[in-house]
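Just below is one structure, and these are the notes that go with it.
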There are 2 protein chains.
Amino acid sequence: MSKQQLYIVKIGGNIIDNEMALASFLKDFSALEGLKLLVHGGGKKADEISESMGLSSKMIAGRRVTDEATLEVVTMVYAGLLNKEITAQLQKFDCNALGLSGADGNCILAHKRIVADVDYGFAGDVDAINSEFIKVLLQNKVTPVFCAITHDKNGQLLNTNADTIASEIAIAMSEFYEVTLNYVFELKGVLENIKDENSVIQYINIEKYEQLIESGIISEGMVPKLHNCFNALKKGVQKVNIGNASLIKNTNNLFTSLTIDNLS
Amino acid sequence: MSKQQLYIVKIGGNIIDNEMALASFLKDFSALEGLKLLVHGGGKKADEISESMGLSSKMIAGRRVTDEATLEVVTMVYAGLLNKEITAQLQKFDCNALGLSGADGNCILAHKRIVADVDYGFAGDVDAINSEFIKVLLQNKVTPVFCAITHDKNGQLLNTNADTIASEIAIAMSEFYEVTLNYVFELKGVLENIKDENSVIQYINIEKYEQLIESGIISEGMVPKLHNCFNALKKGVQKVNIGNASLIKNTNNLFTSLTIDNLS
């Protein structure tokens with residue numbers, strides 16, 4: 001018997017920061033048939049709240065660090081304000097959403113990141129996904145909506161990369177479902193030429209990915225994003241796509257599909 | 001076949017505002033065997049955050065009103081910070097907690113309160129509890145942890161009284177379980193003499209309740225609290241108790257038990 005389909009979508013700041021874009025996306029997302037799951041990033045709201053509270057970003061060696069005050073703010077904004085506003089809007093569109101942090105139902109277990117004695121503050125790297133419980137939710141017609149807050153099972157909440165959460169959940173759920181993982185961001189896909197928004201590279205396999213890094217066509221933020229994608233594909237996720245919000249509409253045909261197969 | 005027991009506890013600001021009291025309570029709560037559910041109020045944190053953001057409380061005719069900015073803050077603090085900190089701590093004590101607002105899984109449907117043309121802002125009165133879904137969570141060994149944020153199924157989050165949420169959930173779950181509802185607050189129980197902390201009235205039935213109101217022994221905040229309690233008892237909740245944090249420990253024997261039966 002073939003596995004049921006599960007459609008996972010990750011949205012980032014470009015949609016979250018724009019009220020109309022978010023409402024439009026959530027309406028389209030609600031209209032998707034079958035099992036689905038949403039992961040959302042943070043956007044600018046946490047910075048705005050921090051600023052209004054008079055908190056300054058803590059930087060160590062040019063990197064932003066999640067100190068205790070920042071962790072409080074992101075927990076409030078990601079797990080509270082954004083997660084509940086998204087959930088309430090999905091409910092309006094008859095999508096039975098349920099907002100979750102990684103602490104809820106022990107869904108995402110993580111540990112505080114420490115690399116070569118560098119303290120990243122309260123940043124968490126994912127150790128385990130409670131796929132059995134997420135399956136229970138899905139089988140009860142619930143659409144899980146994850147923010148990027150995890151926990152260490154020792155009472156500590158941790159700030160975690162939302163792209164990574166999406167790929168880790170996609171990998172874990174591949175045990176039960178045929179998973180399609182969609183990264184929705186500001187561009188139509190991975191671009192051949194950053195100055196031409198329509199120069200979307202429609203298919204990327206691992207060979208091509210390595211060429212793109214070597215030639216400098218992809219760099220900075222796109223490298224870890226694609227790394228997450230290929231990691232997911234290698235570990236059992238069926239399909240990974242990258243594109244803008246129209247990606248989840250059937251009418252859209254310009255986006256990037258990733259594959260671990262050789263291109264034929 | 002007799003129904004399974006469900007133990008519901010509501011905690012308020014006096015515990016939430018005190019880090020050590022909260023940790024101690026959550027440890028005791030985790031140790032309770034059987035099915036359980038927690039409802040928490042807000043405490044002072046929302047005021048502190050509002051203040052640090054330079055927001056002032058909006059008062060209309062001496063009443064505090066939940067305007068849009070306040071709703072944002074309480075959603076952040078109740079559904080985000082407090083709910084997730086409580087959930088993460090319970091997870092630490094091996095209680096598989098899952099934090100919820102009323103929007104999550106459409107658990108608590110409410111409508112914006114409008115009484116005789118008075119605008120209470122974004123305050124919600126409860127219309128329905130999704131008892132079937134809460135039962136699914138309980139049967140999957142999850143301990144639901146509710147904050148006092150609800151939704152109207154039209155995309156609007158609403159600020160709701162936590163005592164009322166606890167009693168409405170208790171009533172709804174009585175369909176499936178023998179429910180004990182426990183209100184934990186700063187006193188040992190309902191006091192005969194407010195100046196004597198040990199003058200706990202151990203049993204109150206409806207007759208006694210009316211006498212206590214008439215004689216002025218109970219007033220102000222205690223009247224709606226007891227109203228919630230008796231409403232719950234009339235609508236199928238098995239037991240309602242009021243006391244301090246020691247209420248949930250078996251060793252405690254000084255608290256107030258409410259009953260709708262005649263005292264014999």
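Can you name every residue in region A:4-61 that is touching a Lys or Arg at 6+ places or on another chain (Cβ under 9 Å), farther than 17 Å from A:Thr143 by Cα and either of a type in the set (Ser, Thr, Tyr) or within 13 Å of chain B (Cβ to nearest Cβ) (or both)? The one that is touching a Lys or Arg at 6+ places or on another chain (Cβ under 9 Å), farther than 17 Å from A:Thr143 by Cα and either of a type in the set (Ser, Thr, Tyr) or within 13 Å of chain B (Cβ to nearest Cβ) (or both): A:Ser57.
Identify all residues within region A:77-93 that are in contact (Cβ under 8 Å) with a residue 24 or more places away in the chain, of a type in the set (A, V, I, L, M, F, W, C) and under 21 Å from B:Ile108 (Cα atoms); write none if there are none. If the condition is that a residue be in contact (Cβ under 8 Å) with a residue 24 or more places away in the chain, of a type in the set (A, V, I, L, M, F, W, C) and under 21 Å from B:Ile108 (Cα atoms), then A:Ala79, A:Leu81, A:Leu82, A:Ile86, A:Leu90, A:Phe93 are the ones that fit.
Can you find a residue that is among the β-branched types (Val, Ile, Thr), part of a strand (DSSP E or B), crowded, with 20+ Cβ neighbours inside 10 Å and on the phi < 0 side of the Ramachandran plot anywhere in region B:246-262?
Kept after step one, since they are among the β-branched types (Val, Ile, Thr), are these residues of region B:246-262: B:248, B:251, B:256, B:259-260.
Next, only the ones that are part of a strand (DSSP E or B) stay: B:256.
From what is left, the residues that are crowded, with 20+ Cβ neighbours inside 10 Å are B:256.
Subsequent filtering for residues that are on the phi < 0 side of the Ramachandran plot retains B:256.
Yes, region B:246-262 contains at least one residue that is among the β-branched types (Val, Ile, Thr), part of a strand (DSSP E or B), crowded, with 20+ Cβ neighbours inside 10 Å and on the phi < 0 side of the Ramachandran plot.
Restricting attention to region B:207-235, the residues that are more than 23 Å from the chain's Cα centre (by Cα) and over 20 Å from B:Ile194 (Cα atoms) total 1.
For A:Ile217, state whether it is β-branched (Val, Ile, Thr) and touching a residue at least 24 places away in the same chain (Cβ under 8 Å). Spell out how you get there, then give the answer.
Working: β-branched (Val, Ile, Thr): yes; touching a residue at least 24 places away in the same chain (Cβ under 8 Å): yes.
It is true that A:Ile217 is β-branched (Val, Ile, Thr) and touching a residue at least 24 places away in the same chain (Cβ under 8 Å).
Looking at B:Leu109, is it assigned to a helix (DSSP H, G or I), surrounded by fewer than 24 Cβ atoms within 10 Å (Cβ to Cβ) and within 13 Å of chain A (Cβ to nearest Cβ)? So B:Leu109 fails the test.
Each residue in region A:203-230 was checked for being surrounded by 14 or more Cβ atoms within 10 Å (Cβ to Cβ) and either basic (Lys, Arg) or outside any strand (DSSP E or B) (or both), and 15 of them qualify. Search region A:1-17 for residues being among the polar types (S, T, N, Q) and at pLDDT 95 or above, and hand back the single one that is nearest to A:Ile248 (Cα to Cα). Filtering region A:1-17 for residues that are among the polar types (S, T, N, Q) and at pLDDT 95 or above, the one nearest to A:Ile248 (Cα to Cα) comes out as A:Gln5. One residue stands out among those in region A:229-258 that are polar (S, T, N, Q) and modelled with pLDDT of 90 or more: the one that is nearest to A:Val184 (Cα to Cα), which is A:Asn244.
Within region B:73-82, the set of residues being at the interface with chain A (Cβ under 7 Å from one of its Cβ atoms) and of a type outside the set (Ser, Thr, Tyr) comprises B:Met76, B:Val77, B:Ala79, B:Gly80, B:Leu81. All of (1) under 25 Å from B:Ala46 (Cβ atoms); (2) buried (at least 20 other Cβ atoms within 10 Å of the Cβ) hold for A:Ser56 with one exception: (2).
Restricting region A:116-135 to residues that are crowded, with 17+ Cβ neighbours inside 10 Å, among the hydrophobic types (A, V, I, L, M, F, W, C) and within 24 Å of B:Leu100 (Cβ to Cβ), the residue that is nearest to the other protein chains (Cβ to nearest Cβ) is A:Phe133. One residue stands out among those in region B:81-106 that are buried (at least 19 other Cβ atoms within 10 Å of the Cβ) and acidic (Asp, Glu): the one that is nearest to B:Asp28 (Cα to Cα), which is B:Glu85.
From the list B:Ala110, B:Ala103, B:Ala31, the lone residue that is touching a helix residue (DSSP H, G or I) at 6+ places or on another chain (Cβ under 8 Å) and hydrophobic (A, V, I, L, M, F, W, C) is B:Ala103.
Restricting attention to region B:136-163, which residues are more than 17 Å from B:Lys36 (Cβ to Cβ), crowded, with 20+ Cβ neighbours inside 10 Å and touching a helix residue (DSSP H, G or I) at 6+ places or on another chain (Cβ under 6 Å)? Residues satisfying the conditions are B:Ala148, B:Ile149, B:His151, B:Leu157, B:Asn159, B:Asp163. Each residue in region B:175-193 was checked for being assigned to a loop (DSSP other than H, G, I, E, B), more than 18 Å from the chain's Cα centre (by Cα) and surrounded by 13 or more Cβ atoms within 10 Å (Cβ to Cβ), and 3 pass.
Selection of region B:136-163 for residues being more than 9 Å from every other protein chain (Cβ to nearest Cβ), among the hydrophobic types (A, V, I, L, M, F, W, C) and part of a strand (DSSP E or B) yields B:Phe146, B:Leu158.
Would you point out the residue of region B:83-106, among those that are more than 8 Å from chain A (Cβ to nearest Cβ) and assigned to a loop (DSSP other than H, G, I, E, B), that is nearest to the chain's Cα centre (by Cα)?
Step one: list which residues in region B:83-106 are more than 8 Å from chain A (Cβ to nearest Cβ), which gives B:86, B:90, B:93-95, B:102.
Going one step further and asking which of them are assigned to a loop (DSSP other than H, G, I, E, B), we end up with B:93-95, B:102.
Working: B:Phe93: 22, B:Asp94: 23, B:Cys95: 19, B:Gly102: 13 Å.
That would be B:Gly102.
The values are calculated or read from the model by the stated rules, or taken from the named source; none is laboratory data. What you are looking at is a predicted structure, and each value in this text was computed from that prediction instead of being measured. Reconstructed Cβ throughout: ideal geometry from the backbone, glycine too, with neighbour counts over all protein chains shown.
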